[in-house]
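The values are calculated or read from the model by the stated rules, or taken from the named source; none is laboratory data. A quick note: this is a predicted structure, and the numbers were derived from the prediction, not measured. Glycine also receives a Cβ, built like all others from the backbone with ideal geometry; neighbour counts cover every protein chain displayed.
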Amino acid sequence: MAEHNDLGKLGEQMAIDFLIKNGYEILEINWFFDKAEIDVIAKKENTLAVVEVKTRSSLLFGLPQEFVKPKKIQLLVKAINEYVNRKELNVDVRFDIVAIHKEASGFTIEHIEDAFHYF
């Protein structure tokens, strides 16, 4: 597996551990619909958090969250609509980003709630 894939998998596991530690129930990991993949679907109280995990080995090319582009947002919205309909859920939906980057002393994790809104 390529090194960037290993870093991505590590980042996803770190994000999952972080979310669980902060009271989230993990419902799905790497949930696919059509051409969309949702990294993590988590729930806290009556809110469904659609979590995009972005992990970078450095900040040389920008912050991890800057790599969530409009096309990805569009795919996430489409996928979570399908998920909510299939599961017949009555919840609030929120789109979050867990941004992780490597530093000399380890990793920094930032959980950005309501990272973007859809209309």
Practice item. Kindly indicate whether residue 44 is closer than 17 Å to residue 16 by Cα and out of contact with any strand residue (DSSP E or B) (no Cβ under 6 Å at 6 or more places or on another chain). Key: yes
Check your understanding: So residue 2 fits all but one of (1) modelled with pLDDT of 95 or more; (2) loosely packed, with under 15 Cβ neighbours inside 10 Å; (3) closer than 22 Å to residue 69 by Cβ; what number is the exception?
Key -> (1)
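May I ask you to verify whether residue 60 is farther than 19 Å from residue 116 by Cβ, out of contact with any Leu (no Cβ under 7 Å at 6 or more places or on another chain) and surrounded by 15 or more Cβ atoms within 10 Å (Cβ to Cβ)? Give the derivation first.
Details: farther than 19 Å from residue 116 by Cβ: yes; out of contact with any Leu (no Cβ under 7 Å at 6 or more places or on another chain): yes; surrounded by 15 or more Cβ atoms within 10 Å (Cβ to Cβ): no.
It is false that residue 60 is farther than 19 Å from residue 116 by Cβ, out of contact with any Leu (no Cβ under 7 Å at 6 or more places or on another chain) and surrounded by 15 or more Cβ atoms within 10 Å (Cβ to Cβ).
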Revision key, fill the gap. (1) surrounded by fewer than 17 Cβ atoms within 10 Å (Cβ to Cβ); (2) touching a strand residue (DSSP E or B) at 6+ places or on another chain (Cβ under 7 Å); (3) not small (Gly, Ala, Ser) all hold for residue 88 apart from (2)
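Would you pick out the residues in segment 95-108 that are surrounded by fewer than 17 Cβ atoms within 10 Å (Cβ to Cβ) and in contact (Cβ under 8 Å) with a residue 24 or more places away in the chain? Outline the logic, then answer.
The initial filter retains those residues of segment 95-108 that are surrounded by fewer than 17 Cβ atoms within 10 Å (Cβ to Cβ), namely 102-108.
Those that are surrounded by fewer than 17 Cβ atoms within 10 Å (Cβ to Cβ) and in contact (Cβ under 8 Å) with a residue 24 or more places away in the chain: 102, 107.
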Revision key, fill the gap. Condition set in contact with an Asp or Glu (Cβ under 9 Å, 6 or more places away or on another chain) and either not in a strand (DSSP E or B) or not hydrophobic (A, V, I, L, M, F, W, C) (or both), scope segment 94-119, selection farthest from residue 49 (Cα to Cα): answer is 101
